[in-house]
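Enquirer: Before we start, here is the structure in question, set down as structure tokens.
The values are calculated or read from the model by the stated rules, or taken from the named source; none is laboratory data. Only a predicted model underlies this, so the values are computations on that prediction, with no experimental measurement involved. Positions of Cβ are backbone-derived with ideal geometry, glycine not excepted, and every protein chain shown enters the neighbour counts.
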Amino acid sequence: MGMEFIRTVALPEEIKKEYPLDEASRIQKEKNDKVLRDIFTGKDNRLLLIIGPCSADREDAVLDYCKRLKKLYEQVKDVLFFVPRIYTNKPRTTGEGYKGMLHQPDPKADVDMVKGVIAVRKLHMDVLKETGFSTADEMLYPDNFPYLSDILSYQAVGARSVENQEHRLVASGVYGPIGMKNPTSGDYKVMLNSVNAAQRAHKFIYRGWETKTTGNELAHCILRGYTNKHGDSNPNYHYEDILRLINMYTEDKYHNPAIIVDCNHNNSGKQYEEQIRIAKEVLHSTRHSELIFKYIKGLMIESYLEDGCQKTDGTIYGKSITDPCLGWEKTEKLVLEIADLRRRHLNGEKI
């Protein structure tokens, strides 16, 4: 057998008991969860920004970023709502490279999954406690969800995982919104099948238990672009792309049909500065179609303290060690522009 069992990892209940969420944080998360539910059910017309680094590589820089985000939020909270991206486990296309804080709490050190589980929980807790933001992470490993189930307010299932049965079934038992990305092929039907599965109740084996779920009525689509048969990036955030998905949504019955547009990845061709133009184009589409305005609930934006990316050695504080991100100055300017455009639209101004 080519697999070695190294050591056991503490159960989620044990980790939660050792690193409990304080009462003030629990109450704040409940408030955040209500806002998110109201956004996805149409009771709150604020635009959701799921924003932050491609990967959360170090706690000090991530906390610094989130504290800056908190100050910025005070200027735009009438029209926008923030959920910081704290992505602590990263899919690797070839299996090589930095797999996130879960694997390496210190990117310069060896893999230590036990320390990683603790570091990940602590980071999400610290962001909530120090900023009031409850966070988003990717459901890369469905078995690990219980370690953060009391902290996360948003989750996404990635393009490489969205066809996986276990991801779909576990998503059906998640509390709160979970976004299902289109697969790397761009097939909308695969994404919608995943949403459909996540919105249904299921019974299955999970972490050694026979389990049943109620279905997640807030499961929804994320458009992130795709690659063609030649491996070239192609976008799917344009007006016609969004309308096509809306039409497919309405062909079947879905609870709270909603769309998030990921401004990076294949939509930008990983040209991180293109996120600025893409975000504005999506807002333009919402102004010219009431239907698109109704369905578009938010944007995903990858940003950090410094522009671009660097090698995994991480010598530059606050610069991504995975995909390139917008730096803080560009992020702040973009968020203020998004808020201004949204505000003027809601006020009925011609733009």
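Enquirer: Among the residues in the stretch 274-290, are any outside any helix (DSSP H, G or I), within 17 Å of the chain's Cα centre (by Cα) and either under 22 Å from Ala56 (Cα atoms) or in contact (Cβ under 8 Å) with a residue 24 or more places away in the chain (or both)?
Expert: Within the stretch 274-290 (the criterion being outside any helix (DSSP H, G or I), within 17 Å of the chain's Cα centre (by Cα) and either under 22 Å from Ala56 (Cα atoms) or in contact (Cβ under 8 Å) with a residue 24 or more places away in the chain (or both)), the answer is no, since none of the residues qualifies.
Enquirer: Under 19 Å from the mean Cα position of the chain (by Cα), surrounded by fewer than 22 Cβ atoms within 10 Å (Cβ to Cβ) and over 18 Å from Ser161 (Cα atoms), is that true of Glu217?
Expert: The answer is yes for Glu217.
Enquirer: Looking at the stretch 272-292, can you tell me whether even one residue there is touching a Pro at 6+ places or on another chain (Cβ under 8 Å) and over 22 Å from Phe40 (Cβ atoms)?
Expert: yes
Enquirer: When residues of the stretch 235-271 are filtered for being of a type in the set (S, T, N, Q), surrounded by fewer than 22 Cβ atoms within 10 Å (Cβ to Cβ) and in contact with a strand residue (DSSP E or B) (Cβ under 6 Å, 6 or more places away or on another chain), how many remain?
Expert: Number of matching residues: 1.
Enquirer: Now, a different point. Only one of these is touching a Lys or Arg at 6+ places or on another chain (Cβ under 7 Å) and either under 30 Å from His288 (Cα atoms) or aromatic (Phe, Trp, Tyr) (or both): Ile351, Ile338. Name it.
Expert: From the options Ile351, Ile338, the qualifying one is Ile351.
Enquirer: Taking the stretch 174-192, which residues are over 19 Å from Leu299 (Cα atoms) and buried (at least 21 other Cβ atoms within 10 Å of the Cβ)?
Expert: Val174
Enquirer: Which condition number does Lys297 fail, the rest of (1) of a type in the set (Lys, Arg); (2) under 21 Å from the mean Cα position of the chain (by Cα); (3) surrounded by fewer than 19 Cβ atoms within 10 Å (Cβ to Cβ) being met?
Expert: Unmet condition: (3).
Enquirer: Looking at Asp57, Asp78, Asp44, which one is of a type outside the set (Ser, Thr, Tyr), assigned to a loop (DSSP other than H, G, I, E, B), within 19 Å of Thr131 (Cβ to Cβ) and in contact with a helix residue (DSSP H, G or I) (Cβ under 9 Å, 6 or more places away or on another chain)?
Expert: Asp78
Enquirer: Write out, first by first residue and then by second, each pair whose Cβ atoms fall under 6 Å of each other, whose residues are 6+ apart or on separate chains, and whose first residue, in the stretch 172-186, is more than 26 Å from Asn234 (Cα to Cα) and at pLDDT 95 or above while the second is among the small types (Gly, Ala, Ser) and not in a loop (DSSP other than H, G, I, E, B).
Expert: Listed by first residue and then by second, the contacts come to Ser172/Ala198.
Enquirer: Something else: Among Arg200, Arg224, which is among the basic types (Lys, Arg) and out of contact with any His (no Cβ under 9 Å at 6 or more places or on another chain)?
Expert: Answer to the check: Arg200.
Enquirer: Can you pull out every residue in the stretch 120-162 that is hydroxyl-bearing (Ser, Thr, Tyr), assigned to a loop (DSSP other than H, G, I, E, B) and either buried (at least 22 other Cβ atoms within 10 Å of the Cβ) or touching a residue at least 60 places away in the same chain (Cβ under 8 Å) (or both)?
Expert: Ser134, Thr135, Ser149, Ser153, Ser161
Enquirer: Now, a different point. Could you tell me which of the residues Ile39, Ile6, Ile15 is assigned to a helix (DSSP H, G or I) and more than 30 Å from Lys333 (Cβ to Cβ)?
Expert: Ile15
Enquirer: Sticking with this one: Please verify whether the stretch 77-91 includes one or more residues that are out of contact with any Leu (no Cβ under 7 Å at 6 or more places or on another chain), under 27 Å from Gly318 (Cβ atoms) and modelled with pLDDT under 95.
Expert: Yes - at least one qualifying residue is present in the stretch 77-91.
Enquirer: While we're looking at this one, here's another question. What do you reckon, is Val157 more than 18 Å from the chain's Cα centre (by Cα) and within 23 Å of Ile301 (Cα to Cα)?
Expert: In short, no.
Enquirer: Test Arg342 against the criterion of being of a type in the set (D, E, K, R), in contact with a helix residue (DSSP H, G or I) (Cβ under 6 Å, 6 or more places away or on another chain) and at negative phi, and give yes or no.
Expert: Against the criterion (of a type in the set (D, E, K, R), in contact with a helix residue (DSSP H, G or I) (Cβ under 6 Å, 6 or more places away or on another chain) and at negative phi), Arg342 does not qualify.
Enquirer: If you take the residues of the stretch 81-104 that are among the hydroxyl-bearing types (Ser, Thr, Tyr) and over 17 Å from Ile301 (Cα atoms), which of them is surrounded by the fewest Cβ atoms within 10 Å (Cβ to Cβ)?
Expert: Residue satisfying both the conditions and the ranking: Thr94.
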